[in-house]
Amino acid sequence: MRLRTAPDVDLWLHLRIGAELRSGTWFGRLPDPMAVLADRPYAPTQWLAERGMLAVHDAAGVLGLHVVRALLLVALAGLLHATARRWTGPLAAVVVATAGTVATSAGWGERPQLLGIVATALTLLLWTGTLHDTRPRWVLVPVAWLWAMVHGSWPVGVALGVLVLVGLALERPRRDVPWGRLAAVLVGTALAPALTPLGPGLLLEPFAVGVAARSTVNEWRAPSPGNPLLVLVVALTVVVVVRAVRARRLDPATLLLAAAGVVLAATSVRTIALGALLLVPALARSFPRAAPTVAPRRELLPAAVAALVLLVVPGVALGGPQAGPLPPTVDAALERLPDGTTTVVDAYASGWVLWTHPRVRVLRDLRAEVYSPATAAAYEDLTAARPGWPAYADAHDVRAVVIRAGEPLDRALAGTGGWARTAADGDWALWTRAG
């Protein structure tokens, strides 16, 4: 039985961006090479990950990307286990790491976001090492530099450093803590991204993306109270607090990590995974300390077994979904469109169309940050078939529409002269107009 029916919807967009980068396109200017409506320059903040994804796809197809994804999940679980193992025994560390890993599952797709989650886990392991023994980890600086080229979540690493230093100050207000060197490490992680190919502009780009996406992208919005992953994070937080109360011991760093974790999880669907990671050291620190605090080699065996299982379970790597969202008949009809046809594509399929039909001019894609609020709102009026949509379509010379059957625009096109349903299969339809 397959665990999923389709690859991550963003996979195809990242492959197209990787192809553009390989061909010499560096974006950063208008007109945008991918979407007609883009009225803001695009900064390829994930360029290294996207080039890597394209290289893997060229070598081994989507199967290769599934394998990389499975190995990253093993690495994530291993990093969380190593973090928990600093404060608790083998069994408790496995339980804590498993809970933390499961709570990140919304970010397990074939996309750079998973690399960002793994980078967060690595940074968490390093910074909590400093919380454990006060020693500065200078390797955090090159980690931040590399992280800034694979995913835009690198500011989380800086925030982790701030949390740890505040927690350390609350727990150990002593002179033997090397505050100067620790501050230098923190500043280094904050400035290292400015030394990447995107330059100093990268320091503000993640915040600009977040502001732009929050108004139009569901995963950037606050999760519903019943979101099961949010419920899991809250439950883990409750466990931390209850254990602290029962122990009658105020542990400022533990409570600070737990509070930050639940705030992150409640901020957006996208940051639930990041909040869950912070709960791992918080929960581990609430258990009685066990020796040794470094996992012996025999504890690596479960990780090796997990890696093997993930690579052979159907639907994870072998036998994993590889097809795009559109049925073959709609894909074939899209391929017959004249070069440069301006096409409205449902967001779920826009990345796929950009990747498999590069000759088509997509009106808008999934990169929320490249559209001004006015441009985004006007496009939403079109897809919702609100009054005035035909004039909007005429103004942008829209000649084709890929839409889910039954959506407002699909129904509106059925009652509008000049439009014909060229292909339809299952939930999808392609509308075209002559002239």
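The values are calculated or read from the model by the stated rules, or taken from the named source; none is laboratory data. Remember, predicted model here, so these are calculated numbers, not experimental data. FYI the Cβ positions are ideal-geometry reconstructions off the backbone, even for glycines, and counts take in every protein chain you see. These accessible areas exclude ligands, DNA and RNA; they are computed on the full protein's heavy atoms, side chains included. Shrake-Rupley method; radii C 1.70, N 1.55, O 1.52, S 1.80 Å.
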Taking Ala59, is it modelled with pLDDT of 95 or more and out of contact with any Gly (no Cβ under 8 Å at 6 or more places or on another chain)?
yes
In region 69-84, how many residues are among the aliphatic types (A, V, I, L, M) and under 15 Å from the mean Cα position of the chain (by Cα)?
3
Which ones in region 412-432 are surrounded by 17 or more Cβ atoms within 10 Å (Cβ to Cβ), of a type outside the set (Gly, Ala, Ser) and over 19 Å from Pro328 (Cβ atoms)?
Leu413, Trp419
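Assess whether Ala192 counts as being buried (at least 17 other Cβ atoms within 10 Å of the Cβ), at pLDDT 90 or above and assigned to a helix (DSSP H, G or I). Break it down into steps so the answer makes sense when it comes.
Numbers: buried (at least 17 other Cβ atoms within 10 Å of the Cβ): yes; at pLDDT 90 or above: yes; assigned to a helix (DSSP H, G or I): yes.
It is true that Ala192 is buried (at least 17 other Cβ atoms within 10 Å of the Cβ), at pLDDT 90 or above and assigned to a helix (DSSP H, G or I).
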Within region 79-99, track down each residue that is touching a residue at least 60 places away in the same chain (Cβ under 8 Å) and out of contact with any Leu (no Cβ under 8 Å at 6 or more places or on another chain).
His81, Arg85, Arg86, Trp87, Thr88, Gly89, Pro90, Ala92, Ala93, Val94
Residue selected from region 386-411 under the condition among the small types (Gly, Ala, Ser) and surrounded by 19 or more Cβ atoms within 10 Å (Cβ to Cβ), by the criterion farthest from Thr356 (Cα to Cα):
Ala393
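Being within 24 Å of the chain's Cα centre (by Cα) and in a helix (DSSP H, G or I), is that true of even one residue in region 166-174?
no
Residues are listed down the side, and each one gets a yes or a no for (1) free of Cβ contacts under 8 Å to residues at least 12 places away in the same chain; (2) on the phi > 0 side of the Ramachandran plot; (3) of a type in the set (A, V, I, L, M, F, W, C):
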{"position": "Gly201", "(1), (2), (3)": "no, no, no"}
{"position": "Glu205", "(1), (2), (3)": "no, no, no"}
{"position": "Glu219", "(1), (2), (3)": "no, no, no"}
{"position": "Ala244", "(1), (2), (3)": "no, no, yes"}
{"position": "Ala253", "(1), (2), (3)": "no, no, yes"}
{"position": "Val263", "(1), (2), (3)": "no, no, yes"}
{"position": "Thr271", "(1), (2), (3)": "yes, no, no"}
{"position": "Leu274", "(1), (2), (3)": "no, no, yes"}
Residues satisfying the stated conditions in region 215-237, i.e. open to solvent by 50 Å² or more (accessible area, probe 1.4 Å) and of a type in the set (Ser, Thr, Tyr)
Ser215, Thr216, Ser224
When Gly167 is evaluated against the numbered criteria (1) surrounded by fewer than 19 Cβ atoms within 10 Å (Cβ to Cβ); (2) touching a residue at least 24 places away in the same chain (Cβ under 8 Å), which criterion, by number, is the only one it fails?
(1)
Report, by residue number, each residue of region 396-428 that is closer than 15 Å to Asp381 by Cα and charged (D, E, K, R).
Glu407, Asp410, Arg411
Go through (1) assigned to a helix (DSSP H, G or I); (2) open to solvent by less than 40 Å² (accessible area, probe 1.4 Å) and name the single condition Val177 misses.
(1)
So, in region 345-384, exactly how many residues are hydrophobic (A, V, I, L, M, F, W, C) and open to solvent by 30 Å² or more (accessible area, probe 1.4 Å)?
8
